[in-house]
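Following: one structure in structure tokens, then a few remarks.
The values are calculated or read from the model by the stated rules, or taken from the named source; none is laboratory data. All figures in this text were calculated on a predicted structure; none of them were measured in a lab. Cβ placement follows ideal geometry from the backbone for every residue including glycine, while neighbour counts extend to all protein chains displayed.
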Amino acid sequence: MQDFENPSRARTDFDAHFRIVHPDGTTKFVYGTGHPVFNASGDVGEFVGSVMDVTDRKRAEEERERLRQAQADLAHVNRVTTMGELTASLAHEVNQPIAAAVTNANTCVRWLTRDRPDLEEAREAATRIVKDGTRAAEIIKRIRLLFQKGTPERELVDVNEVIREMIVLLDGEAARYAVSVRAELAADLPQVMGDRVQLQQVFMNLMLNSIEAMKDVDTTRELAVKSQPAENERILLSVSDTGVGLPPQYADQIFNAFFTTKGQGTGMGLSISRTIVESHGGDLWATENPGRGATFHLTLPRGA
């Protein structure tokens with residue numbers, strides 16, 4: 001219970017949250033406020049205030065927190081499931097810079113073991129080893145972040161950088177289905193206030209959906225990711241493909257939880273993506289392309 005002696009001694013207003021446990025074990029949450037009333041000698045004669053039962057509000061806050069945690073857990077499960085499906089592609093992504101580093105290491109040894117060592121060529125090979133090792137470490141770091149479970153952390157995020165990270169991470173999956181990836185990212189794009197891992201998940205879901213939509217088409221397969229400033233202090237982002245397009249009879253249902261047109265899909269990717277975007281103060285929607293394929297658009301407010 002709140003200590004009421006301090007306001008009395010300080011002769012100031014007070015407000016307090018406290019809990020009352022009844023003999024039958026039920027608990028009530030109460031919020032009280034008070035204002036000191038002084039007598040003729042200047043001493044506090046009494047406090048005038050009010051006491052409100054805020055049990056329902058407290059329960060609602062607890063329920064919202066449980067719901068938020070459930071949504072976070074579901075998003076994490078979706079991330080882990082998706083990353084599991086990408087295992088072969090990710091192994092290929094990590095293997096590329098490691099194989100390049102081994103090749104450059106052998107090259108460096110050859111330059112150093114010549115009768116007349118070529119130190120300049122050896123230095124360049126060693127520099128490439130450092131570059132390849134750094135690239136492999138960055139890929140592993142991104143994978144670990146996406147598997148990581150924790151409370152969302154809001155910070156200023158460079159969305160262009162998030163997009164580039166996802167393009168690198170999904171490069172193997174795009175190559176697997178002969179999909180070319182094009183990025184048109186506006187220079188000096190304002191940052192947004194958000195959770196980096198959640199935004200990564202949104203782009204991972206949207207880009208994987210686009211790749212999935214193109215894997216069986218017989219024409220050019222192109223994935224385009226764009227960013228640009230928009231009106232009302234917002235930025236506009238889009239993920240576009242040349243795939244099969246939106247299902248005509250289900251176009252208004254694609255963001256519903258558990259709705260999927262894929263044989264092995266969970267139906268949670270787009271629903272979670274929209275929840276994440278809306279929790280960041282943005283919007284997510286989809287349109288049919290004039291020629292072929294579909295485009296997913298999202299807006300996000302600029303960071304403070």
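Table for the structure above
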| item | result |
| --- | --- |
| Candidates Arg9, Arg59, Arg68 - the one that is at pLDDT below 60 and in a helix (DSSP H, G or I) | Arg9 |
| Residue count for segment 147-160, restricted to those that are at pLDDT 90 or above and in a loop (DSSP other than H, G, I, E, B) | 1 |
| All strands (runs of 3 or more DSSP E) inside segment 161-234 with 2 or more residues being under 20 Å from Ile276 (Cα atoms) | 192-194, 222-230 |
| Any hit, segment 246-261, residues being β-branched (Val, Ile, Thr), farther than 17 Å from Val181 by Cα, assigned by TED's automatic domain parsing to the domain that holds Val157 and modelled with pLDDT of 90 or more | no |
| The listed residue being touching a helix residue (DSSP H, G or I) at 6+ places or on another chain (Cβ under 7 Å), at pLDDT 80 or above and either in a helix (DSSP H, G or I) or in the same structural domain as Ile211 (by TED's automatic domain parsing) (or both), out of Ile272, Ile276 | Ile276 |
| Hits in segment 168-201 (condition: buried (at least 22 other Cβ atoms within 10 Å of the Cβ) and either among the aromatic types (Phe, Trp, Tyr) or in contact with a strand residue (DSSP E or B) (Cβ under 7 Å, 6 or more places away or on another chain) (or both)) | Val179, Val192, Gly194, Leu199 |
